[in-house]
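Undergrad: Got a structure here, written out as structure tokens. Questions coming.
The values are calculated or read from the model by the stated rules, or taken from the named source; none is laboratory data. As the structure is a computational prediction, the values presented were derived from the model and not from experiment. Methodologically, a virtual Cβ is constructed for each residue, glycine included, from the backbone with ideal geometry; neighbour enumeration extends over all protein chains shown. Ligands, DNA and RNA are stripped out before the accessible areas are found, and what is left, the full protein with its side chains, is counted by its heavy atoms. Shrake-Rupley method; radii C 1.70, N 1.55, O 1.52, S 1.80 Å.
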Amino acid sequence: MARDRELEDIVRADLGLRAGLSEKPMFGGLAWLLDGHLLCGASRQGLMVRLGKGNDAFALAIDGVGPVRMGQRAMEGWVRASPEACSDEVLRRRLIGEAIAFVDTLPPK
């Protein structure tokens, strides 16, 4: 999986300046962590976001959004928006906002 620097810049702008936010190369792309918790990641496969178990149904109903898979196993609470879906600014920002809302409920590491 290769990095998508254009998507990285877009996500970085969407996230803005936020206390506790950091970036780390992971999964062949770039990941963002909030207070030490994985929040989202960007690669040529699109945008991976952490919505939390039970919070991903709305996203999975959207064309171009599917579950994140590790091998054959779907990772509950994680979704991936395709590169085409990521071009929808409203969708991308909603996914990022929902990821922030979920990760904000977790205790800092």
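Undergrad: Would you kindly find the accessible area of S22, with a 1.4 Å probe and non-protein molecules such as ligands, DNA and RNA excluded, rounding to the nearest 10 Å²?
TA: Counting only protein heavy atoms, the figure is 50 Å².
Undergrad: Determine, for each peptide in 95-101, 85-91, the mean count of other beta carbons within 10 angstrom over its residues, then list the peptides with the highest first.
TA: 95-101, 85-91
Undergrad: Would you work out what percent of the accessible area of the chain, with all protein chains in place, is carbon or sulfur (probe 1.4 Å)? Walk me through the numbers before you get to the answer.
TA: Values: 3170 of 6070 Å².
That fraction is 52 percent.
Undergrad: Between beta-carbons, use under 14 Å as the cut-off and find the net charge around D104, counting Lys and Arg +1, Asp and Glu -1.
TA: +1
Undergrad: Same structure again: Roughly how many Å² of K53 are accessible to a 1.4 Å probe, to the nearest 10?
TA: 150 Å²
Undergrad: Each residue of segment 21-30 in turn: what ³J(HN,Hα) in whole Hz from Karplus with 6.51, -1.76, 1.60 and θ = phi - 60°, glycine and Pro shown as x?
TA: 8, 9, 10, 8, x, 8, 6, x, x, 10
Undergrad: Using only helices, what value at 222 nm comes out for the chain when you add -39,500 (n - 2.57) per DSSP H run of length 4 or more and divide by the total residues, to the nearest 500 deg cm²/dmol? Display every interim value, and only then the final one.
TA: Working: 4 runs with 34 residues, N = 109.
Taken over the chain, the calculation gives -8500 deg cm²/dmol.
Undergrad: Could you give each residue of segment 61-77 its phi-based ³J(HN,Hα) in whole Hz, using Karplus coefficients 6.51, -1.76, 1.60 with θ = phi - 60°, and x for Gly or Pro?
TA: Whole-Hz 3J(HN,Hα) from phi for segment 61-77: 7, 9, 4, x, 10, x, x, 6, 10, 10, x, 8, 8, 6, 8, 4, x.
Undergrad: In 10 Å bins starting at zero, report the fraction of Cα pairs in the chain per bin as a rounded %.
TA: P(r) over the chain, rounded to whole percents: 15, 53, 30, 1.
Undergrad: Okay, next question. Less than 17 Å from a label point 7 Å out along the Cα-to-Cβ axis of S87: which backbone N atoms in segment 10-27 qualify, by residue?
TA: 10-11, by backbone N distance to the label point.
Undergrad: Something else about it: Using the per-residue mean of other Cβ atoms lying within 10 Å as a proxy for protection, in what order, highest first, do the peptides 35-42, 3-10, 64-71 fall?
TA: So the order, starting with the most tightly packed, is 35-42, 3-10, 64-71.
Undergrad: Could you give the length gained on full extension between Q72 and R44, defined as 0.36 nm per residue of separation minus the Cα-Cα distance, in nm?
TA: 8.1 nm
Undergrad: Rounded, prolate or oblate: which fits segment 64-109 when a ≥ b ≥ c are the square roots of the eigenvalues of the alpha-carbon gyration tensor, with rounded for a/c under 1.5 and prolate only if a/b beats b/c? Please list the in-between numbers first.
TA: Values: a/c = 3.24, a/b = 1.11, b/c = 2.92.
Judged from the Cα gyration tensor, segment 64-109 comes out oblate (a/c at least 1.5, b/c at or above a/b).
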